[in-house]
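Trainee: After the structure tokens below, expect a handful of questions from me.
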Amino acid sequence: PKDCDGYRLPTNAEWEFLARAGKVEATYAGPISNCHMCAEEPVLNDIAWYCANSGGKPHPCGQKTPNPWQLYDMLGNVMEWTDGGMKDLWDLGAVNPVPDWENAAFEFYHREVRGGSWWLPPRNATAYSRLSTEARVRHRQIGFRVVRTRTVE
């Protein structure tokens, strides 16, 4: 990703770093207590659209409180594509793992989506939530956020 001159999908580590915004809890508003089924989670109500408050549909970005870095909808509303796969999770020694897509024909077709959605329960609207799906999938629960590598001057 660091060789990309334009916009790109964030790596898993970049996405999580942005979603956490310097915090260590499950959300930038604090820890969640309801990890199960679709039930109200007070910590999420002001910051995320999820199954209990979305009315069963996605919403325009920017209607909830942003994180401390002024990024909206990092959690909930729609899951976001990353340029990472589930196997990145197991490389515990890596600081910011970047997939080696050239040597992984099968993994090329799978990407990770992060952050939960308007349809999923509270446990998915967290900075640590990870789901893997085929890159060719289109679904109204999935969107994307682009990043750009900062050039060193």
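The values are calculated or read from the model by the stated rules, or taken from the named source; none is laboratory data. Just so it is clear, the structure is predicted and the values come from calculations on it, not from any experiment. Don't worry about glycine lacking a Cβ; one is built from the backbone with ideal geometry, like all the others, and counts go over all protein chains shown. Keep in mind that these areas ignore ligands, DNA and RNA; they rest on the heavy atoms of the full protein, side chains included. Shrake-Rupley method; radii C 1.70, N 1.55, O 1.52, S 1.80 Å.
Trainee: If you scan the stretch 2-37, which residues turn out to be part of a loop (DSSP other than H, G, I, E, B) and surrounded by 16 or more Cβ atoms within 10 Å (Cβ to Cβ)?
Mentor: L9, P10, T11, A21, A26, Y28, A29, I32, N34, listed by residue number.
Trainee: Something else now. Residues being among the hydroxyl-bearing types (S, T, Y), free of Cβ contacts under 8 Å to residues at least 60 places away in the same chain and farther than 15 Å from Y50 by Cα: count how many of those fall in the stretch 108-148.
Mentor: 3
Trainee: Looking at (1) at pLDDT 90 or above; (2) more than 17 Å from the chain's Cα centre (by Cα); (3) assigned to a loop (DSSP other than H, G, I, E, B), find the lone condition where W49 falls short.
Mentor: (2)
Trainee: Step by step: first the residues of the stretch 75-101, then only those that are at pLDDT 95 or above and aliphatic (A, V, I, L, M), then the one that is most open to solvent (accessible area, probe 1.4 Å). Which residue is that?
Mentor: Here the answer is V78.
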